[in-house]
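Take a look at the structure below.
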Amino acid sequence: MKRVFLIAGLATAFLLMAVAASAQTAPNFGGTWALDKTKSQGLDQRMQGADITWVITQDAAKLSIESKVANAQPPAGGGAGGGGGMGRGMGGPRTYTLDGKETTMEMGGGTSTSKATVAGSTLELTTVRAGNRDGQEFKFTTTDKLSLSADGKSLTVNRHSESPRGPMDSTMAFNKQ
């Protein structure tokens, strides 16, 4: 009987250690990051012509990315895309909880659902914006996979996005400021 309890106790201890090992925390991506267009690939025209900085704040519970855009040129045909060259990002900071749960917020004409997932040293951020604008249904999905260099001075973001215009993949390289 003692042997059964010993085996059960060891199995429980092993299981608890496996659960603790699988509960990973995200590396700290906090800081101010400037886009290095010479090391980036697949950038759209507005990103290629703008100065882009990400300010990332992170604590144990959440991560927030504020995108600052300067010197952006309006897209062909007019409009004030990419912040209109006025130093603004697109719609305020993106915020993710680091507990793996989805967060949803209402926005003009729809919703935005965000989720962060840690996989080793990579942080995967997924945002789905969906709704109805002027009678037209829309859905935009963006998945960013963030990884830091060994010295913590470079941030690589592999982005896959899907929109009514189709899929797009890019790699953005950022340098810590």
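The values are calculated or read from the model by the stated rules, or taken from the named source; none is laboratory data. Small disclaimer: the values here were computed from a predicted structure and weren't measured. Glycine gets a Cβ as well: all are built from the backbone with ideal geometry, and neighbour counts include every protein chain shown.
Numbers below:
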quantity: Of residues in the stretch 93-119 being over 17 Å from Gln58 (Cβ atoms) and more than 14 Å from the chain's Cα centre (by Cα), the one surrounded by the fewest Cβ atoms within 10 Å (Cβ to Cβ); calculated: Gly108
quantity: Top-ranked residue in the stretch 151-165 [being more than 18 Å from Arg129 (Cβ to Cβ) and charged (D, E, K, R); ranked as surrounded by the fewest Cβ atoms within 10 Å (Cβ to Cβ)]; calculated: Asp151
quantity: Residue match in the stretch 87-98 (condition: of a type outside the set (D, E, K, R), in a strand (DSSP E or B) and free of Cβ contacts under 8 Å to residues at least 24 places away in the same chain); calculated: no
quantity: Residue in the stretch 30-45 that is surrounded by 16 or more Cβ atoms within 10 Å (Cβ to Cβ), in a loop (DSSP other than H, G, I, E, B), modelled with pLDDT of 95 or more and small (Gly, Ala, Ser) present; calculated: yes
quantity: Residues located in the stretch 46-66, provided they are outside any strand (DSSP E or B) and not hydrophobic (A, V, I, L, M, F, W, C); calculated: Arg46, Gln48, Gly49, Asp59
quantity: Checking Val128 against (1) in contact with a strand residue (DSSP E or B) (Cβ under 9 Å, 6 or more places away or on another chain); (2) on the phi > 0 side of the Ramachandran plot, the condition it does not meet; calculated: (2)
